[in-house]
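The block underneath contains the structure these notes are about, expressed in structure tokens.
The values are calculated or read from the model by the stated rules, or taken from the named source; none is laboratory data. Worth saying up front: this structure is predicted, and the values here are computed from it rather than measured. A quick note on method: Cβ atoms are made from the backbone with ideal geometry, for glycine too, and the neighbour counts reach across all protein chains shown.
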Amino acid sequence: MSDVRPLAIRRELGEFLRTRRERLTPRQAGLPTTGRRRTPGLRREEVAVLAGVGVTWYTWLEQGRAINVSMQVLMAVGRALRLDDTEKRHLQRLAGLRLPPTESAVHEPALVAAFQPVLDKLDPYPACLQTPLFDMVAYNRTYRFLFTDMDMIPAEERNCAVQFFTDPDWRSRYVDDDIVATRMVARMRAAVGADLRTPAAATTVERLRQRSGEFARLWSRHDVLLQDYETKRLTSPLVGLLYLRFVSTNLPDSGHRMTVMTPVDEATSQRLTRLAEIAATAE
């Protein structure tokens, strides 16, 4: 059976493998290091030997040619490249061995109606409902004023990644912004997988690549990261420094996620209460 995946997806797979190969040193792969090397990381033939596959087959895989790929052989390549579990799942999706998530409506009324009361009950903890690509679907009163007044941002620009990479004021709210940048792009990569051909994914990624050189550079690295429990330091323009734990829950039927930010310390807890009080007076 021939490979019917679009050329762009096969190239995406090849680029991902190339970036993983170039970051792995011979020493890390358990290979002898002799003499100077003209290329970073492993050579294609070294990966082929480690994975137990033919050099020509692996070369064609990186070149995005239409070849058959089985789960067993693909996982052998993943082990040779020392991929972690997230990267292996990403590789499987790119190879078409797992179906990508369906694209859901960003502003689905039924979803907002169901979750808005839940988000409101979580005040003073900031809480929101987002798509995997960071489009903002719904949020509570405290979140509305966490970075700026979200209601004042045009709906088509109400995307946390777009705001982070294009609005210096928004980005300045993050104390550790460089770390946030790399993690945000890696999470988008993992969420999108092989689904770049859908209109929403392609439009969002291309818009960010055009508007932010930093995003384009980070996107080209092909790093992937699943959602996990994170702590971030934010500087609120209204109440000052906030030390928050981000806890996200994925909604499998829609592909959206609900994120709640809880205080790490008592000072943050008090400032969140104050932020909620300020937000209440603005309505």
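Structure notes:
- Evaluation of V224 against (1) over 15 Å from L146 (Cβ atoms); (2) exposed (fewer than 14 other Cβ atoms within 10 Å of the Cβ); (3) in contact (Cβ under 8 Å) with a residue 40 or more places away in the chain; (4) of a type outside the set (S, T, N, Q) (one fails), failing number: (2)
- Helices (runs of 4 or more DSSP H) contained in the range 122-200 and holding at least 3 residues assigned by TED's automatic domain parsing to the domain that holds R211 and either surrounded by 20 or more Cβ atoms within 10 Å (Cβ to Cβ) or in contact with a strand residue (DSSP E or B) (Cβ under 7 Å, 6 or more places away or on another chain) (or both): 141-144, 160-166, 177-192
- In the condition set (1) loosely packed, with under 15 Cβ neighbours inside 10 Å; (2) outside the structural domain of A29 (by TED's automatic domain parsing); (3) part of a loop (DSSP other than H, G, I, E, B), P117 is compliant with all but (3).
- If the condition is being within 31 Å of the chain's Cα centre (by Cα), of a type outside the set (A, V, I, L, M), at pLDDT below 85 and over 20 Å from M75 (Cβ atoms), then the range 1-60 contributes S2, P6, T39, P40.
- Being at pLDDT 95 or above and assigned to a strand (DSSP E or B) is a description that does not apply to V247.
- Test: residue in the range 50-59 that is surrounded by 19 or more Cβ atoms within 10 Å (Cβ to Cβ), within 19 Å of R11 (Cβ to Cβ), assigned by TED's automatic domain parsing to the domain that holds F16 and touching a helix residue (DSSP H, G or I) at 6+ places or on another chain (Cβ under 6 Å): yes
- Remark: pairs (first residue in the range 43-64, at positive phi; second residue among the small types (G, A, S) and assigned to a helix (DSSP H, G or I); Cβ separation under 9 Å; 6+ apart in sequence or on different chains) = G52/A76; G52/A80; G64/A8; G64/G14.
- Complete set of residues in the range 227-244 that are surrounded by 18 or more Cβ atoms within 10 Å (Cβ to Cβ), out of contact with any helix residue (DSSP H, G or I) (no Cβ under 6 Å at 6 or more places or on another chain) and among the hydrophobic types (A, V, I, L, M, F, W, C): L234, L244
- Per-region count, the range 204-219, residues touching a residue at least 40 places away in the same chain (Cβ under 8 Å) and either exposed (fewer than 15 other Cβ atoms within 10 Å of the Cβ) or not aliphatic (A, V, I, L, M) (or both): 6
- Only listed residue being in contact (Cβ under 8 Å) with a residue 60 or more places away in the chain, of a type in the set (A, V, I, L, M, F, W, C) and in a loop (DSSP other than H, G, I, E, B), chosen from V69, V77: V69
- The residue list L218, L208, L244, L226 contains one member that is in contact with a Pro (Cβ under 8 Å, 6 or more places away or on another chain) and not basic (K, R), which is L244.
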